[in-house]
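Heads up, the thing below is written out as C-alpha cells.
Throughout, read-outs are computed from the coordinates displayed, never taken from laboratory work. Remember, it's a predicted structure, so these values are computed and weren't measured experimentally. Here the Cβ is made from the backbone with ideal geometry for all residues, glycine too, and neighbour counts use every protein chain on show.
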Amino acid sequence: MNTRFIIALMIMGTILTGCPKGGGGRKPVDKETDSAAVVQTNVDQASQSADEAAAKAVKRAIAEEPVLDMVTSMGSIRIKLYKETPQHRDNFVKLARRGYYNGLLFHRVINGFMIQAGDPFTRDTTKVELYGSGGPNYTIPAEIVPGLTHKKGAIAAARRGDSVNPERASSGSQFYIVQDEEGCKHLDGQYTVFGEVIDGLNVVDNIAEVETNPRGLPLYPIKIISIKEIK
C-alpha cells in the first residue's frame, strides 16, 4: 500500500510540474488579443498621422494669388485666384486641399452663359432634386470688387437670390465659370468674382456644349476629379 501511495504521489507531482502556472492554457488567446491590439494601435496611429497631415496641409500658407489645376472628366482647367478677394481665395484653397471638390459634378451647364459646380449633393444620384442647394453649411461675405468683371473664364461664387440674401453673401463652395461674357455681363457688381481661367478655356467651351436636361444638368455626368495647387 505504501509503495502504491508513493507512486501515485510521484505521478501527481509530474502532472502538476508539467502544467504552466497562472492559467497558462489561455496564453494563445492572450497572444492573439495582444496581436490584435498591436494591429489596432498601428491602424489608429496611421489614421492619426493621416489626419494630422491633412490638417497641416489645410493650415499651410496660401499664396497671394494661388494657381490650381482643376482636372475634370473632360480635361484640365488651370485657374488663378485673386488677391483682392482673400476670403473667397482662402476658402476655395482650403476646400481643395481637403479634397472637398473631388468627385463633384458640374450640375448646371448653360451654353452661352456659364458652367456651375461645387455642390456636395451631386455625389448622390438619389438627390438630383437637391442639386444646386448644397454646401458646407456656411456662407462667405460678399467681396464684390470694381474691375473684377464677368469676362470669359472668370470664376465667381454662386449665391442665393437678393430677396433672401440682400447682403449677397456667397455659397461656401459652389462656383461658376463664365463661358460667354455677353451672357454674364449683367451679373457684374452682383456676384463675387474671385478668379479666372488662365489655361483650358477650350475645356470650358466643351463642357458648355454638352447635352443637358431642361434644368441644365448634363445627361452624361461631368466630374471634377481633383483640384490641386501648383503655385
Fill in the blank from the handout: Of the candidates T125, A96, H150, the farthest towards the positive dipole end of the range 67-229 (Lys/Arg Cβ +1, Asp/Glu Cβ -1, centred on the Cα centre) is A96
Fill in the blank from the handout: So, over other residues within a Cβ distance under 13 Å of G132, counting Lys, Arg +1 and Asp, Glu -1, the net charge is +3
Practice task
Under 13 Å from a label point 7 Å along Cα→Cβ of E84: give me every residue in the range 110-151 with its amide N that close.
Solution key: 143-151
Exercise for the section: Would you mind counting up the charge near L68? Only other residues with Cβ under 9 Å from its Cβ, with Lys and Arg at +1 and Asp and Glu at -1. Expected result: +2
Problem - Fully extended contour minus Cα-Cα distance, from R98 to T126, at 0.36 nm per residue - result: 7.7 nm
Exercise for the section: Could you give the spread of the C-alpha atoms of the range 130-184 along their three principal axes, from largest to smallest, in whole angstroms? Expected result: 30, 24, 18
Practice task
Mind sorting L104, L187 by how few other Cβ atoms lie within 10 Å of their own Cβ, fewest first?
Solution key: L187, L104
Handout entry: Ranked I155, I224, criterion: other C-beta atoms within 10 Å, fewest first
Key = I224, I155
Fill in the blank from the handout: Listed with the fewest Cβ neighbours within 10 Å leading, I225, I144 appear as I225, I144
